[in-house]
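A.B. asks: Questions regarding the structure given below will be posed in turn.
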Amino acid sequence: MQKSFGCSDPQIISYVEKTFAPEDEILKNVKETSIKAGLPPIQLGSMDALHLEILTRACQARRAVEIGTLGGYSGIAILRGMDKKGKLFTCEISERHADVARENFKKAGFTKNVEILIGPALKTLPTIESKGPFDLVFIDADKENYPAYLTWAEKNLKVGGLILADNTFGFGHIADVTEDEEIKGLQEFNSRLAKNPHFRATILPTGEGLTVGVKVK
Ligand code: DHB
Ligand code: MG
């Protein structure tokens, strides 16, 4: 499944993809090997991976955290936004996904720059706190826990650091009155981040909604 770009005009999408060429052979191969390995086809859209790389570069990140590795597609984008000494800590609950990601990180030349933390992120995140504070935290995992991941990021980001989160339009349901735990998690994440005086935040209107916040104090 190719996740959509925020703009739905096919001519404009085609123009943007031709002009900015977001996906090279390495990223295409990550998608192919992920599908072959039976991973769910829910990685970022190619333009969103490029957004991640550019945002990482813009904040000059050197230490980044990702929650939800999947096959490594978004992690490679973050790693591409960092210099040679950049380090990505990426949390993944599934050993099988982590195996696929490890191979993809290797093919992309990032074995030395990445540490995959296997297990529930709420268990593994405390083990890397001493390596922080971090320049960037990207959240793209179980939606019910977005508020808990936000609490961790609030504490472990440096001032000037970025928090990014995928799917914050709630698959079209973010504005619903709902008892759905995933949507409620995303709603709480957005509203708490928007109100937090230590952050300035927005949602970039990508296909899925990409929340971006800067820690300002
Ligand atoms: C789906 C998409 C995502 O980007 C994600 O993080 C989780 C699930 C989906 O389309 O189901
Ligand atoms: Mg996602």
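A.B. asks: Classify segment 76-145 as rounded, prolate or oblate, taking a ≥ b ≥ c as the square roots of the eigenvalues of its Cα gyration tensor: rounded when a/c is under 1.5, otherwise prolate if a/b is larger than b/c and oblate if not.
C.D. replies: Taking the square roots of the gyration eigenvalues as a ≥ b ≥ c, segment 76-145 is oblate.
A.B. asks: Would you calculate, for the chain, the mean residue ellipticity at 222 nm contributed by helices, counting each DSSP H stretch of 4 or more residues as -39,500 (n - 2.57) and dividing by all residues, to the nearest 500?
C.D. replies: Result for the chain: -12000 deg cm²/dmol, rounded to the nearest 500.
A.B. asks: For segment 1-70, run through the GluC sites (Glu not before Pro) and keep only the ones in DSSP coil with at most 10 other Cβ atoms within 10 Å of their Cβ.
C.D. replies: none
A.B. asks: May I pose another question? Take ILE42 and LYS28, extend 7 Å from each Cα along the Cα→Cβ direction, and tell me the distance between the two endpoints in nm.
C.D. replies: Here the modelled spin labels are 2.7 nm apart.
A.B. asks: May I ask you to evaluate 6.51 cos²θ - 1.76 cosθ + 1.60, the Karplus curve with θ = phi - 60°, for each residue of segment 129-142 and list the ³J(HN,Hα) values in order in whole Hz, giving x for glycine and proline?
C.D. replies: Coupling constants for segment 129-142: 4, 5, 8, x, x, 9, 8, 7, 10, 10, 9, 7, 9, 4 Hz.
A.B. asks: Using only Cα atoms, what Kirkwood radius does segment 1-116 have, in angstroms?
C.D. replies: On the way: mean 1/r = 0.0695 Å⁻¹.
Hydrodynamic radius (Kirkwood, Cα only) of segment 1-116 equals 14.4 Å.
A.B. asks: What accessible area per residue comes out for segment 177-217, rounded to a whole number of Å², with a 1.4 Å probe?
C.D. replies: Per-residue value: 56 Å².
A.B. asks: Which percent of Cα-Cα pairs in the chain sits in each 5 Å bin, short to long?
C.D. replies: 1, 7, 16, 20, 22, 18, 11, 5, 1, 0
A.B. asks: Of the trypsin sites (Lys or Arg not before Pro) in segment 80-179, which ones lie in a loop per DSSP and count no more than 14 other C-beta atoms within 10 Å?
C.D. replies: Those satisfying the criteria are LYS84, LYS85.
A.B. asks: Further, regarding this structure: For SER8 and ILE118 in one chain, what is 0.36 nm times their gap in residues minus the Cα-Cα distance, to one decimal in nm?
C.D. replies: 36.0 nm
A.B. asks: Leaving out same-chain residues fewer than 8 places away, which lysines sit with a Cα under 27 Å from that of LYS131?
C.D. replies: Leaving aside lysines fewer than 8 places away in the same chain, those within reach of LYS131 are LYS84, LYS85, LYS87, LYS106, LYS107, LYS112, LYS123, LYS143, LYS155, LYS158, LYS215, LYS217.
A.B. asks: Tell me the GluC sites (Glu not before Pro) within segment 97-193 that lie in a loop according to DSSP and have at most 12 other beta-carbon atoms within 10 Å.
C.D. replies: Numbers: sites: GLU103, GLU115, GLU129, GLU144, GLU154, GLU179, GLU181, GLU182, GLU188; in loops: GLU179.
Loop-located and lightly packed - GLU179.
A.B. asks: Considering every Cα-Cα pair within segment 110-212, what fraction, in whole percent, is farther apart than 16 Å?
C.D. replies: For segment 110-212, the fraction of Cα-Cα distances above 16 Å is 58 percent.
The values are calculated or read from the model by the stated rules, or taken from the named source; none is laboratory data. Since this is a predicted model, take the numbers as computed values, not measurements. Heads up, the Cβs are rebuilt from the backbone with ideal geometry, glycines too, and the neighbour counts pull from every protein chain shown. Ligands, DNA and RNA are stripped out before the accessible areas are found, and what is left, the full protein with its side chains, is counted by its heavy atoms. Shrake-Rupley method; radii C 1.70, N 1.55, O 1.52, S 1.80 Å.
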